[in-house]
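Asker: Attaching a single structure in C-alpha cells format; questions to follow.
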Amino acid sequence: MMGEMSTLPSSDWSLSRLDIMAGRSWNPLMSEDPSPYATPVQMASAPPMPPATVPGQIKVLGVIHLVFAGLGLVTILFGLVSEKFSESVLTMQEKAGGIQATQAQISRAIVEASRPITWFGYASALILGVMLLLAGLALLKRKQVGLSWSNRYAWTSISLKAINLILFATVLMPKIGGLFASFESGGKEMQMAGSIMRMTTIASGIASPVIACIYPVLVLILLNRESVRKSLI
C-alpha cells in the first residue's frame, strides 16, 4: 500500500491537497462576517444610509413668517397714509350733512379716542415684523435659532394682543361710551348711526386680537414637536 501511494505523481498529490484546503476555506454563504479577502475599496463602496426626512412645516412656516413680516410692514405704511385720506373723507361727509355728517362725527371721535391704541398697534407690528423676518430666514436654513426666534415671536405676539384687549376695554370704551350714548339719545338717524357704530367698534376691538392669536398658537404647536427640533442644526 505504501508503495502504491508513493507511485502517485507529484502533480496529482498537490491537487488533492488543494481540494482538501478549499473545502475548509471561508464560504460567504455559510458566514455573516465580511470576507477576509475583501479590499478596503470594496468595503468602502457600500451605499450610505439615506438622510432623515426633514419635516415640511419647517420650510412652510419659514415662508409664511417672511410673508407675514412683509404684510406687517406694509400695513404700517398703509395705515400712516390712510390717516390723511380718511381725514379728507370725513370732511366731505360732514359737509354733506344729514346722516353722513352724523357718521363722520362719530368716526372722528372714535379715531381720536383710539389714537393711543393705533400707535401701540404700529409699534407692535414693527416689533413682530422684525422677529418674523429673523425667524423665517433662519428656518429656511434649518437653523436652531429659527425655533428660538419663532417662540419669542409667538409669546410676544400673544402678550401684545392681550395688552391690546386691555387697552380697548379700559381706555377706548370709556371714552367712546359717552359719545355713543349722546348720539343714541338724539333723533332717529343719530340713534341708528350710534347703534351701528357701537356694535362694529366692539366687535372689531374684540375679534381682531383674538383672530390674530391663531397663527402664534399654531407656531408654538407645530415648531416645538420633537421631530422638528431634531431636524434643526
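Asker: Run the simple label-point estimate for residue 207 and residue 226 please: 7 Å along Cα→C-beta, distance reported in nm.
Answerer: 4.1 nm
Asker: Show me, for region 58-75, the HN-Hα J-couplings you get by feeding each phi into the Karplus relation (A = 6.51, B = -1.76, C = 1.60, θ = phi - 60°), rounded to Hz, glycine and proline as x.
Answerer: 5, 6, 4, 5, x, 5, 5, 3, 5, 5, 5, 4, x, 5, x, 5, 5, 4
Asker: In sequence order, what are the phi-derived ³J(HN,Hα) couplings for region 85-90 according to the Karplus relation 6.51 cos²θ - 1.76 cosθ + 1.60 with θ = phi - 60°, rounded to whole Hz, with x for glycine and proline?
Answerer: With coefficients 6.51, -1.76 and 1.60, one gets 5, 5, 4, 5, 5, 5 Hz.
Asker: If R0 is 41 Å, what FRET efficiency do you get for residue 78 and residue 169 from their C-beta distance, rounded to 0.05?
Answerer: Working: r = 26 Å, r/R0 = 0.64.
Result of the calculation: an efficiency of 0.95.
Asker: To make sure I understand, if each residue's beta carbon is the centre and we count other beta carbons within 10 Å, what order do 112, 226 fall in, fewest to most?
Answerer: In order of increasing Cβ crowding within 10 Å: 226, 112.
Asker: Past the 21 Å Cα-Cα mark, which pairs from 84/175; 59/230; 141/161?
Answerer: Cα-Cα > 21 Å for 84/175; 141/161; rest within.
Asker: Quick one: which residues, 5 or more positions from residue 143 or on another chain, have an amide H under 5 Å from its amide H? H modelled 1.01 Å from N in the peptide plane, none for Pro or chain starts.
Answerer: 233
Where a number appears in this text, it was derived from the coordinates with a stated rule and is not lab data. Please read these numbers as outputs of a predicted model, since none were measured by experiment. Reconstructed Cβ throughout: ideal geometry from the backbone, glycine too, with neighbour counts over all protein chains shown.
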